[in-house]
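Undergrad: Pasting in a structure now, in structure tokens, and then I'll have a few things to ask.
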Amino acid sequence: MNFESLLLPEPVLKGVRSAEFKTCTPIQSKSLPITLSRKDLAGQAQTGTGKTAAFLITLFTRLIENKPDPAAKGKEGPRALVLAPTRELARQIEKDALLLGKYCGFKSACIIGGVDYEKQRNLIKSGVDILIATPGRLIDFYKQRFFSLKRIEVLVVDEADRMFDMGFIQDLRYLFRSCSPYNKRQTMLFSATLNYRVMELCYEHMNNPVKVVIEPEKAVVDGIKQSLFHVGQHEKFNLLLGLLKKEEGKKVLIFCNTKIEAEQLEWKLNHNDYNSGQISGDLHQKARIKVLEDFQKGNIYIMIATDVASRGLHVDDITHVINYDLPQDAEDYVHRIGRTARAGKKGTAITLCCEDFAQHLERVEVYLKKKIPVAWADEDLYLEEKAGTPPARKRRRAPA
């Protein structure tokens, strides 16, 4: 299916052309005929499958077709609300919305923690059509009565399973109840898995949602070359140094399971002459944006991330993903390696499996329905590290 056949409003179609989208992805082919007919949808799809474009195209089309009173534009509260579990995902959705909606004439705002509070408040009070937000900061503003949600025509929840994982479910239910009634709005929910918890939420707060499923295995791109090294915890960093030297100059994204590990790994890599940056939950938003921009522009070639902090990341030309720690959640493995081999390109995913996390390997391979090919490292691939001890971690609190 191509976008031209969907009979989209011209401003939306111009945005699609500007983004150079031609053929629909599987989630777009299955969901758009449903959502463009104004039905609610519960969609199962992984990151990188085109679900963001699917709900944004529907959102813009709905707002254009409804044609509100120009005199009331933005003054009574937003017309559309998009909820995301993390700041990075919200910012990426905003970026995609600006691209796809550049000819639609709607005003949007991204409301997340770690960004200037007064600036966001003034933006909301000036009137916006579309709010893209994380639950915590949005509820903070909403309870101060800066805007109403009773005008919402389109409500989108992205990565609903992560909302549960991160403890946002009560906030999510509160926002559902604060919006216009379910039969007066269109609601689209997307999740990596449509498990019992997610579907219970759908049936509770949506209007007979149509269920669309894109099987998880389709999210693992054929162009990703996967390999796994069995290595002792005490030798993991030495092997990492050898792998980085072997792939010098490539854009590498490294995943750790904890914030502390990410911070220590950044220090150790920089101490060993590898210019790197890390994003974790404790890092201030401005610092996170700086690291992301440096990585995107090629000022640094190595970025370290945790699973939560990396949600919603879209960085082009990542050639290698390295799991410094094997993830405990099988779905996180798929999310991680899906950061490479985008847009038909090839990519490499390397996993270092040590005794601390080896118990999770079977769960990952059952989910993948195949074994990850095992690689063997020659002795010369284990490089000696420079002596030094990472500084003690300072206690700090991430901004709300």
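Undergrad: If you take the beta carbon distance between Asp222 and Trp267 as r and set R0 to 41 Å, what does 1/(1 + (r/R0)^6) give as a FRET efficiency, to the nearest 0.05?
TA: The formula returns an efficiency of 0.65 here.
Undergrad: Please compute the length gained on full extension between Val115 and Glu76, using 0.36 nm multiplied by the number of residues separating them and subtracting their Cα-Cα distance.
TA: 11.6 nm
Undergrad: Now a separate question. Can you tell me which lysines have their Cα less than 19 Å from the Cα of Lys371? Leave out same-chain residues fewer than eight positions away.
TA: Counting by Cα, and skipping residues close in sequence, Lys371 has these lysines nearby: Lys218, Lys225.
Undergrad: Could you check the spin-label model distance between Gln170 and Asn207? Points 7 Å from the Cα along Cα→Cβ, value in nm.
TA: The modelled label-to-label distance comes out at 3.0 nm.
Undergrad: Under 8 Å for C-alpha pairs, at least 6 residues apart: give me the relative contact order for the range 259-316, rounded to a whole percent.
TA: Value for the range 259-316: 39 percent.
Undergrad: Ok, one more. Explain nothing, just the number: dipole magnitude of the chain about its Cα centre with +1 on each Lys and Arg Cβ and -1 on each Asp and Glu Cβ, in debye rounded to the nearest 20.
TA: I would put it at about 1900 debye.
Undergrad: Something else about it: Starting from the 7 Å offset along Cα-to-Cβ, what nm value, one decimal, do you get for the label separation of Glu200 and Lys14?
TA: Distance between the two pseudo-spin positions: 4.7 nm.
Undergrad: Now, a different point. To the nearest 500 deg cm²/dmol, what mean residue ellipticity at 222 nm is calculated for the chain from DSSP H runs of n ≥ 4 alone, each contributing -39,500 (n - 2.57), summed and divided by the residues?
TA: Computed mean residue ellipticity for the chain: -11000 deg cm²/dmol.
Undergrad: While we're on this one: Could you tell me how many degrees, from 0 to 90 and to the nearest 10, lie between the Cα long axis of helix 196-205 and the main elongation axis, the longest principal axis, of the Cα atoms of the chain?
TA: Compared with the principal axis, the helix lies near 20 degrees.
Undergrad: Once you sort the root eigenvalues of the Cα gyration tensor of the range 220-381 as a ≥ b ≥ c, which label holds: rounded (a/c under 1.5), prolate (a/b larger than b/c) or oblate (the other case)?
TA: rounded
Undergrad: OK, next. Expressed as a rounded percentage, what relative contact order does the chain have, with Cα pairs under 8 Å and six or more residues apart?
TA: Relative contact order, the chain: 19 percent.
Undergrad: Working only with C-alpha atoms, what are the Rg and Dmax values of the chain, expressed in angstrom?
TA: Considering the chain through its Cα atoms, Rg and Dmax are 21.8, 72 Å.
Undergrad: Hey, quick one: spin label on Tyr103, modelled 7 Å out along Cα-Cβ, who in the range 22-37 has an amide N within reach, i.e. under 14 Å?
TA: Hits in the range 22-37 for Tyr103 at 14 Å: 22.
Undergrad: State which entries of Lys143/Lys211; Lys290/Lys369; Lys30/Lys345 exceed 29 angstrom in Cα-Cα distance in the structure shown.
TA: Check vs 29 Å cut-off fails for Lys143/Lys211; Lys290/Lys369.
Undergrad: What full-extension length gain, to one decimal in nm, is calculated for Glu247 and Lys369 as 0.36 nm per residue of separation minus the Cα-Cα distance?
TA: 41.0 nm
Undergrad: Simple spin-label model, 7 Å along Cα-to-Cβ: Ala358 to His284 in nm?
TA: Taking the two extended label points, one gets 4.3 nm.
Undergrad: Where the centroid of each part is defined by its Cα atoms, how far is the range 338-383 from the range 17-61 in Å?
TA: Using only Cα atoms, the two centres lie 31 Å from each other.
Computed from the coordinates by the stated procedures, all read-outs in this text should not be read as laboratory data. All figures in this text were calculated on a predicted structure; none of them were measured in a lab. Every residue, glycine among them, receives a Cβ derived from its backbone with ideal geometry; neighbour counts consider all protein chains shown.
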